[in-house]
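J.: Next up is a structure, given as structure tokens.
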Amino acid sequence: MTEPMPGPIRMRRAAMSLITLLGGISLAVIPAATVSISSRLFTVEEQGVLAVAVLVATFAGQLTFAVVVESRLSSAATERRVVFPLWLAAISVLTALVLAIIPPNAIALAIGLPILIAALEVGRGVSVAERLDRREIAASVAVGLGALIGVLAGFAEQQWALIPLVAGIAVATCVRCLPVTHRASRPEPAVMGWVVADTAITGAIYPLLNTMILAFLGSADAVLFTSISTVSGLLAIPLNFMRLRLLKEHSRLDIVVSGASVLAAVVALLVLEFTGVFAFVFGEAWTESATLVPLLLACAWRAASLATTIPFAALRRAGEVRLVTGLRAAVSVLTFGLAALGLAAQSLSAVFLGLLVAELASAVVYEVARRRRLARGIRAAAAAAAAGDTSTDAAAVEPGGDA
């Protein structure tokens, strides 16, 4: 059992965790900045295509993250170490260079976005999981500044508005791929397969859903869905941070920091909504629709992931990849079904309500599975003790797993 850390060390770790967590804003602003800049450079039809492309790029980033990072963090028989692959960094920098050189082109941007966002997802994931806090702070500043300059240039209707955005991503990528002293663990092939399948099943829902919105409700609603999803994605920053840390080890400190950050993020989003900042950033797509109720439902949907992430990470840490994949597949079917019912009602509020209900149901499913797994571990430990076997698997009953 690990000894508790002294108070000052604990406070320093909490402070660094909070700073690194806040750095995740830089990742969340890239889709928002892309939508904002696109609203000034491209036609409504091109904006609709790019709205879908942003969610497709996020899905591609999640898949790459699953292969490079999460499969290793879920391989319980290894040291679970991760690094930022140089090949991904090189492709990302080259893509950023091409997008910076050519004139603004919606198709080229749609093709390049998956590569850029994949590099951002993997780079940040590695930095958070390995606690490379200082380089992550520098990378986050580069991404945030690039996005800010790009959005401001977009407001001024400058044709070069995309250049700072992609340049910031390129700089952050170079920082995140600096050498480290450890090597990446080799993921267990079976674990990688299950993790990637899990991510593919769950991640495909949102680009597919937005494609249906584009087809049935039109470009304006597709852009608005992406805009609200992106804005509420601010809440996903502490949630993803907590998920990464919990995949390495259970930490009540990181749970508390993340939970408080989710609450602060909700307050910040409401302030931005009431002060008209989102209407200014996203333009007509935001101003021509009622956005408060969909935004509140989207925030509730994201915040509900707090209850889902803790048992999910506990199951993943314990190596239950098959069980988690099966549960996620069932939950994904439920999520898509409820969201599609909302789409049938021709209401984005109903779509987000369906996503919220599905997330709450997911939390119950994962917690029941975690408790059953914990009970099995306790029974196995008791049986081993009764038989005089002292070599009981330490993972059977995990400290902190019932938090």
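The values are calculated or read from the model by the stated rules, or taken from the named source; none is laboratory data. Because the structure is a prediction, the values reported are computed rather than measured. Quick reminder, even Gly has a Cβ in these numbers, built from the backbone with ideal geometry, and neighbours come from all protein chains shown.
J.: How many residues, within the range 282-324, are among the charged types (D, E, K, R), part of a helix (DSSP H, G or I) and under 22 Å from the mean Cα position of the chain (by Cα)?
T.: 4
J.: Return the residues of the range 358-400 that are among the polar types (S, T, N, Q) and either surrounded by 12 or more Cβ atoms within 10 Å (Cβ to Cβ) or at pLDDT 90 or above (or both); say none if nothing qualifies.
T.: Within the range 358-400, SER362, THR392 qualify.
J.: Could you tell me which of the residues LEU209, LEU217 is touching a residue at least 24 places away in the same chain (Cβ under 8 Å) and crowded, with 21+ Cβ neighbours inside 10 Å?
T.: After ruling out the rest, the residue left standing is LEU209.
J.: Oh, and also: Count, please, the residues in the range 150-174 that happen to be of a type in the set (A, V, I, L, M), buried (at least 19 other Cβ atoms within 10 Å of the Cβ) and either in contact with a Pro (Cβ under 7 Å, 6 or more places away or on another chain) or modelled with pLDDT under 90 (or both).
T.: 2
J.: Additional query: Yes or no: the range 41-60 includes at least one residue that is in contact with a helix residue (DSSP H, G or I) (Cβ under 6 Å, 6 or more places away or on another chain), assigned to a loop (DSSP other than H, G, I, E, B) and either buried (at least 21 other Cβ atoms within 10 Å of the Cβ) or modelled with pLDDT under 85 (or both).
T.: No; the residues of the range 41-60 include none that is in contact with a helix residue (DSSP H, G or I) (Cβ under 6 Å, 6 or more places away or on another chain), assigned to a loop (DSSP other than H, G, I, E, B) and either buried (at least 21 other Cβ atoms within 10 Å of the Cβ) or modelled with pLDDT under 85 (or both).
J.: Going by the conditions given, is ALA279 aliphatic (A, V, I, L, M), farther than 30 Å from GLU157 by Cβ, assigned to a helix (DSSP H, G or I) and more than 15 Å from the chain's Cα centre (by Cα)?
T.: no
J.: Additional query: What tally of residues in the range 243-271 results from selecting those that are buried (at least 17 other Cβ atoms within 10 Å of the Cβ) and out of contact with any Leu (no Cβ under 8 Å at 6 or more places or on another chain)?
T.: So the count comes out to 5.
J.: Is one or more of the residues making up the range 157-167 assigned to a helix (DSSP H, G or I), within 30 Å of GLY283 (Cα to Cα) and of a type in the set (Phe, Trp, Tyr)?
T.: no
J.: ALA222 - would you say it is among the small types (Gly, Ala, Ser), in a helix (DSSP H, G or I) and either in contact (Cβ under 8 Å) with a residue 60 or more places away in the chain or closer than 20 Å to THR291 by Cα (or both)?
T.: yes
J.: On to the next question. Answer with yes or no whether ILE228 is crowded, with 23+ Cβ neighbours inside 10 Å, in contact (Cβ under 8 Å) with a residue 60 or more places away in the chain and closer than 22 Å to ALA344 by Cβ.
T.: Yes.
J.: Of ILE111, ILE91, which residue is within 22 Å of the chain's Cα centre (by Cα), surrounded by fewer than 19 Cβ atoms within 10 Å (Cβ to Cβ), closer than 22 Å to ALA215 by Cα and modelled with pLDDT of 90 or more?
T.: Just a single option satisfies the conditions, and that option is ILE111.
J.: For the range 175-199, what are the residues that are touching a residue at least 40 places away in the same chain (Cβ under 8 Å), part of a helix (DSSP H, G or I) and surrounded by fewer than 16 Cβ atoms within 10 Å (Cβ to Cβ)?
T.: Answer for the range 175-199, where residues must be touching a residue at least 40 places away in the same chain (Cβ under 8 Å), part of a helix (DSSP H, G or I) and surrounded by fewer than 16 Cβ atoms within 10 Å (Cβ to Cβ): just ALA190.
J.: Please tell me if PRO104 is modelled with pLDDT of 90 or more and either over 18 Å from the mean Cα position of the chain (by Cα) or under 22 Å from ARG245 (Cβ atoms) (or both).
T.: yes
J.: In the list LEU327, LEU355, which residue meets the criterion of being in a helix (DSSP H, G or I), over 18 Å from the mean Cα position of the chain (by Cα), buried (at least 18 other Cβ atoms within 10 Å of the Cβ) and among the hydrophobic types (A, V, I, L, M, F, W, C)?
T.: LEU327
J.: Quick one: what pairs do we get from the range 94-111, first residue free of Cβ contacts under 8 Å to residues at least 40 places away in the same chain and polar (S, T, N, Q), second surrounded by 15 or more Cβ atoms within 10 Å (Cβ to Cβ) and not in a helix (DSSP H, G or I), C-beta under 6 Å, 6+ apart or different chains?
T.: Within 6 Å, no pair qualifies.
J.: Could you list, in sequence order, the residues of the range 291-311 that are buried (at least 21 other Cβ atoms within 10 Å of the Cβ) and over 16 Å from GLY259 (Cα atoms)?
T.: Of everything in the range 291-311, those that are buried (at least 21 other Cβ atoms within 10 Å of the Cβ) and over 16 Å from GLY259 (Cα atoms) turn out to be THR291, PRO294, LEU295, LEU297, ALA298.
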